[in-house]
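The values are calculated or read from the model by the stated rules, or taken from the named source; none is laboratory data. Predicted, not measured: the structure shown is a model, and the values here were computed from it. Here the Cβ is made from the backbone with ideal geometry for all residues, glycine too, and neighbour counts use every protein chain on show. What goes into the accessible areas is simple: the full protein's heavy atoms, side chains included, and nothing from ligands, DNA or RNA. Shrake-Rupley method; radii C 1.70, N 1.55, O 1.52, S 1.80 Å.
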Amino acid sequence: MSVKTDYKSLANRLLTIYSKQVFQKSMKGAKAKVARPYSESDRRFLLNIIGLANITDSYKEAGDLDKVLDTIDLAKIYSGVEKREQESDKKKSKDGIELGYEDFLVLELLHYFKHDFFKWITIPECSNCKNGSENVDSIGIEGPPINNPDEITRIEKYRCKTCQKSIDFPRINSPTKLLQTREGRCGEWVNCFMLILRAVLGADAGIRYVWNFEDHVWCEYYSSALSRWVHIDPCEAVFDEPNLYCENWGKKMSWVIGINDSYMIDLSEKYITSIEKRIPKTNTVSNVQYIKDVLHKINCDKLLKYYFEYIDPTSSNESEKLMSLYNKVILIHNREKLELNGSKSRIDMPSSTITTKGRQTGGTEWTKARGEDG
Ligand SMILES: [Zn+2]
């Protein structure tokens, strides 16, 4: 046996032991009791993040993923990917690393989704008069129906100024229903795009839902070629521009949280890229450490769930399974935490490569009211 193989097996043994320690700590963490919320704002914040903790489970059903492949124009998408691969000048990411096939696929999906598939709705128009949304008055909001297979969160009610027809805009959460309706605001866009992403990239693909406290959501996916999580905003068809919100839209933010199959992570340092755009976290919650403790507890639960559900439940080889847990989750999570800690000292990132200023989806008044007009 060579010295090299010896070192490799020693390294694997150490990593297996480390992985086991992380697993056992998670067992303890999952059982530990968390204190009650300190304030009403903490409670409301927690309701949000606890509600999102397992959101990526909504993009898993084999039948739903088949529906995606039956609905989207795969021939068009793959031909677009081929064209992108041939444009040699666009083959690298901004950090100079060659993009892989998966990255081209995501770029093409973003383009297809925005330009051929989904429609933005700020205010719906009257289907009789088709006079545009200026001809429609908002008249209130209704709760979801009792029988609610489309997972409607609320119904926005409008009335046409010309023919008095009442218009409902149900805010739908079910990603498969959205494959049919193909319209909405960022919540609908992201929900539907996440399902498409999982269907096209494959069941094992790392996909992430990103939630911002100041009313926006977007996505990320784990790029094997770039070895990192990559920002994507389906509403704007923007790829790998985490400074989009602060520097391009001029959006002020407090919390940005990412949720994937195996962990939840505070991504505020990645997306709040300028000091002037930072809203102190204490403006939104009374006890930041408490929120972090709850996130930790959620992550203990998620790690165990991932281990039992995703890492070959039929195998009895514990060392192999722990190594797999290390490579698929612990290593990536640790690396990401390190990078985020490193970015705390950073003041401003280089300016966005996107030349437009301000948000592209939504009308001028709407984006201005949200402080996202650049
Ligand atoms: Zn009308």
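Give the residue, chosen from E241, E247, E276, that is part of a helix (DSSP H, G or I) and either under 25 Å from F193 (Cβ atoms) or open to solvent by less than 20 Å² (accessible area, probe 1.4 Å) (or both).
Only one candidate passes the filter, namely E247.
Here are some residues: L338, L303. Which one is at pLDDT 95 or above and either surrounded by 15 or more Cβ atoms within 10 Å (Cβ to Cβ) or over 15 Å from F23 (Cβ atoms) (or both)?
Within the list L338, L303, the selection yields L303.
Counting only residues that are closer than 30 Å to E61 by Cβ, open to solvent by 40 Å² or more (accessible area, probe 1.4 Å) and within 16 Å of the ligand (Cβ to nearest atom), how many does segment 165-176 have?
Residues that pass the stated criteria total 1.
Looking at segment 75-100, which of its residues are without any contact (Cβ under 8 Å) to a residue 60 or more places away in the chain and open to solvent by less than 100 Å² (accessible area, probe 1.4 Å)?
A75, K76, Y78, S79, G80, V81, R84, E85, E87, S88, K91, G96
So, in segment 103-133, exactly how many residues are in a loop (DSSP other than H, G, I, E, B), polar (S, T, N, Q) and either within 16 Å of the ligand (Cβ to nearest atom) or in contact with a Lys or Arg (Cβ under 6 Å, 6 or more places away or on another chain) (or both)?
3
Which residue pairs have Cβ atoms under 7 Å apart, sit 6 or more places apart or on different chains, and have a first residue in segment 113-134 that is of a type in the set (K, R) and a second that is in a loop (DSSP other than H, G, I, E, B)?
Once the first residue is of a type in the set (K, R) and sits in segment 113-134, its partners that are in a loop (DSSP other than H, G, I, E, B) give K114/P234; K114/A237; K119/R182.
Any idea which residue in segment 230-289 is nearest to K90 (Cα to Cα), counting only those that are touching a helix residue (DSSP H, G or I) at 6+ places or on another chain (Cβ under 8 Å) and among the small types (G, A, S)?
Ranking the qualifying residues of segment 230-289, first place goes to A237.
Can you confirm whether I232 is more than 16 Å from the ligand (Cβ to nearest atom) and not in a loop (DSSP other than H, G, I, E, B)?
It is true that I232 is more than 16 Å from the ligand (Cβ to nearest atom) and not in a loop (DSSP other than H, G, I, E, B).
I want to confirm something. Restricting to segment 134-149 and keeping residues that are open to solvent by less than 90 Å² (accessible area, probe 1.4 Å) and aliphatic (A, V, I, L, M), which single residue is farthest from the ligand (Cβ to nearest atom)?
I139
Could you identify the single residue in K25, K8 that is assigned by TED's automatic domain parsing to the domain that holds L267, charged (D, E, K, R) and more than 24 Å from the chain's Cα centre (by Cα)?
Step by step, each of K25, K8 is checked, and only K25 is assigned by TED's automatic domain parsing to the domain that holds L267, charged (D, E, K, R) and more than 24 Å from the chain's Cα centre (by Cα).
Given the conditions (1) within 23 Å of D266 (Cβ to Cβ); (2) in contact (Cβ under 8 Å) with a residue 60 or more places away in the chain; (3) not in a strand (DSSP E or B), and given that V190 satisfies all but one, which numbered condition is not satisfied?
(2)
So which residues in segment 150-164 are within 16 Å of the ligand (Cβ to nearest atom) and either open to solvent by less than 70 Å² (accessible area, probe 1.4 Å) or without any contact (Cβ under 8 Å) to a residue 24 or more places away in the chain (or both)?
Listed by number, the residues that qualify are K157, Y158, R159, C160, C163, Q164.
Would you confirm, using the coordinates I've provided, whether F213 is closer than 30 Å to K60 by Cβ, within 16 Å of the ligand (Cβ to nearest atom), touching a residue at least 40 places away in the same chain (Cβ under 8 Å) and surrounded by 13 or more Cβ atoms within 10 Å (Cβ to Cβ)?
Spelling it out, it is not the case that F213 is closer than 30 Å to K60 by Cβ, within 16 Å of the ligand (Cβ to nearest atom), touching a residue at least 40 places away in the same chain (Cβ under 8 Å) and surrounded by 13 or more Cβ atoms within 10 Å (Cβ to Cβ).
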